[in-house]
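Have a look at the structure below, then the notes.
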Amino acid sequence: MDIFLQIIISGVSLGAMYAVGTIALSLLWGTMGMMNLAHGSFIAIGGYMAYWCMTVMGASWIFVLPLALAAGMLGGYLLYHLVVRWMFERKEFSVDIIIATVAVAALVENGLLNVAGPEAKRQPFSISGGLKLGDVVLPYQTILTVAVAIILMVIVLYIVTRTKMGIVIRAVSQQQVASQLMGVNVMSAFAQAMMLAGGVAAISGVLVTGATQLFPGVGFDTTIKALVICIIAGLGNLRGAIFMAFVLGLFEVAVQYIFGQQYGFPAMLSLVIVLLILRPHGLFGKETVERV
Amino acid sequence: MTSAIQVSNLTAGYGRRQVLHNISLDIEEGMVVGIIGPNGHGKSSLLKVLSGLVPATSGQVFMGGVAIDGMSAHQRVAKGLVQIPQGDLVFPDMTVEENLLMGGYLAQGRTEIDRRVNKVYEMFPRLAERRPQIARTLSGGERRMLGIGRGLMIEGQIMLIDEPSLGLAPKVIDMVYEVLAKLRSVSPTLLVVEENPVRLQAIADRIYLMDNGEFVWNGTPDELSRNSDLIATYLGA
């Protein structure tokens, strides 16, 4: 029973981290047909912002999430205006943007290497200790991660489904021409989507690095996993991605407990291959997003 | 009468292919003008150029006497130029109500948006019944009503309507044209493109015939019905 509870707790915790790391990637694919492989840079920026805020500036933890959000939004704004807007109208956008964002990711990683150094650091936005549930200890860090992840998911889903900005982002993702004919400035809607995604990714970076370590390439692993989750869920399906993040988190932890630590990620990838053979558009996907 | 929209020597195309050649047109406020002609001869392209979706190569477009050539599509909508596009360009994964709310994107305040939504529901009671339904699950006729209703939400001064009867059953076309007849009270000026002139003749003040990207004839609906040679030559009917 304790092992089962431990698997649930660790799986939900890992799933929450995957979910929060996936939202931004899924949002941009769903709205802009944009595979943002610089996603990991936002995660690193969020982590380093938390480190800079608490360790270098000596500020309170209260400022960490707002500052990470602001840094991520600024990053999204800059990525849109410096890179995306110049190639968005092209037919080859979906391929060009993959190459361009890989280049951006390399630039950011090198920049962080030069500024912060290559050594792994402990990210200070973390809580030690835990809650005892019988023989099982539920770390406070896990509670924090799950709580922030759930709050973040609720906020993002609320913005996308209930606010004017969200309705516009959804409209643009479904029908760009019709959106223009309703008076929507499509480019401005994309800039807003990128700022939202950037902010969310940076907050996820604070959570991810709080549970692991902080180093310039920290976002790479999360990006790969987020990509896998997005593809399984059906590219651009935000709710499906969140659901699959928890399913895969639980699956990975269960495999780790039963067969050993080293089998978790390979088992997850094997499951992905099987799912993609059976459901080429993902579990919740209708069809691949086609830019018009 | 003042000009609602004036087009002067307009030329446009896609890449190297010129589709429109020296088009000139003057539509007075309150008029309903129809453009007919064979398929693929530039009618829809003209509407796209007027609404800013396709750039003009040369020539000028004026709205209420003001040049709008430099404006993007969304800026023209803000000036009151509304296009209801051909086919089903509704937002497929949004509900009927959300589609209409998108039509009210530029409207100020919830009360004003609600007023416009209710007005559309009065005009299309079927849409009111389908309020929470996802747009892609609607029938072709309902989607066309939604497209027109969404355009009405903008409450512009000029409406460009592209092939409103395309692909619809005769009964549904009757319904769509009843609504277009009512539109005169909502939108002062209408420019309607159709391949077949029969239905258009009942609502238009003036009809232009387009062939190979040029206007080859224009006149009143009565003049058109008397000119059977013209219809036979260009429309094959």
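The values are calculated or read from the model by the stated rules, or taken from the named source; none is laboratory data. The structure displayed is predicted, hence computed values, not measured ones. As a convention, Cβ positions derive from the backbone with ideal geometry for all residues, glycine included, and neighbour counts pool all protein chains shown. Note: accessible area is taken over every heavy atom of the protein model, side chains too, but ligands, DNA and RNA are not part of it. Shrake-Rupley method; radii C 1.70, N 1.55, O 1.52, S 1.80 Å.
Summary of values
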item: Pairs, first over 23 Å from B:Glu194 (Cα atoms) in segment B:45-65, second of a type in the set (Val, Ile, Thr), C-beta under 6 Å, six or more apart; result: B:Thr57/B:Thr11; B:Ser58/B:Thr11; B:Gly59/B:Thr11
item: Residue within segment A:164-179 that is open to solvent by 20 Å² or more (accessible area, probe 1.4 Å), in contact with a Cys (Cβ under 9 Å, 6 or more places away or on another chain), over 27 Å from A:Met54 (Cα atoms) and within 12 Å of chain B (Cβ to nearest Cβ) present; result: no
item: Enumerated helices (runs of 4 or more DSSP H) restricted to segment A:160-242, each holding at least 1 residues that are farther than 11 Å from A:Thr22 by Cα and modelled with pLDDT under 90; result: A:164-174, A:186-211, A:219-233
item: Members of segment B:199-220 that are in contact with an Asp or Glu (Cβ under 6 Å, 6 or more places away or on another chain) and of a type in the set (Ser, Thr, Tyr); result: none
item: Meets criteria (more than 14 Å from every other protein chain (Cβ to nearest Cβ) and surrounded by fewer than 18 Cβ atoms within 10 Å (Cβ to Cβ)) for A:Thr212; result: yes
item: Considering residues of segment A:32-51 that are within 15 Å of A:Phe220 (Cα to Cα) and not in a helix (DSSP H, G or I) only, the residue most open to solvent (accessible area, probe 1.4 Å); result: A:Leu37
item: Only listed residue being out of contact with any Cys (no Cβ under 7 Å at 6 or more places or on another chain), within 14 Å of chain B (Cβ to nearest Cβ) and not acidic (Asp, Glu), chosen from A:Thr161, A:Thr145; result: A:Thr161
item: Any hit, segment A:222-239, residues being free of Cβ contacts under 8 Å to residues at least 40 places away in the same chain, touching a Phe, Trp or Tyr at 6+ places or on another chain (Cβ under 6 Å), of a type outside the set (A, V, I, L, M, F, W, C) and closer than 18 Å to A:Trp29 by Cβ; result: no
item: Identity of the residue in segment B:144-184, open to solvent by less than 20 Å² (accessible area, probe 1.4 Å), among the charged types (D, E, K, R) and not in a helix (DSSP H, G or I), that ends up farthest from the other protein chains (Cβ to nearest Cβ); result: B:Glu163
item: A:Val115 being open to solvent by 30 Å² or more (accessible area, probe 1.4 Å), part of a helix (DSSP H, G or I) and within 23 Å of A:Ala59 (Cα to Cα); result: yes
item: Residue list for segment B:65-112, filter: more than 10 Å from chain A (Cβ to nearest Cβ), among the aliphatic types (A, V, I, L, M) and in contact with a helix residue (DSSP H, G or I) (Cβ under 8 Å, 6 or more places away or on another chain); result: B:Ile68, B:Val96, B:Leu100
item: Qualifying positions in segment B:209-225 - open to solvent by less than 70 Å² (accessible area, probe 1.4 Å) and in a strand (DSSP E or B); result: B:Leu209, B:Met210, B:Asp211, B:Phe215, B:Val216, B:Trp217, B:Asn218, B:Gly219
item: Residues satisfying the stated conditions in segment B:185-208, i.e. open to solvent by less than 20 Å² (accessible area, probe 1.4 Å) and within 30 Å of B:Tyr14 (Cα to Cα); result: B:Thr189, B:Leu190, B:Leu191, B:Val192, B:Val193, B:Glu194, B:Pro197, B:Leu200, B:Ala204, B:Ile207
item: Which numbered condition A:Trp29 misses (of (1) of a type outside the set (A, V, I, L, M); (2) in contact with a Pro (Cβ under 8 Å, 6 or more places away or on another chain); (3) crowded, with 24+ Cβ neighbours inside 10 Å); result: (2)
item: Tabulated pairs, segment B:147-165, first free of Cβ contacts under 8 Å to residues at least 40 places away in the same chain, second β-branched (Val, Ile, Thr), C-beta under 8 angstrom, 6+ apart or interchain; result: B:Ser165/B:Ile173; B:Ser165/B:Val176
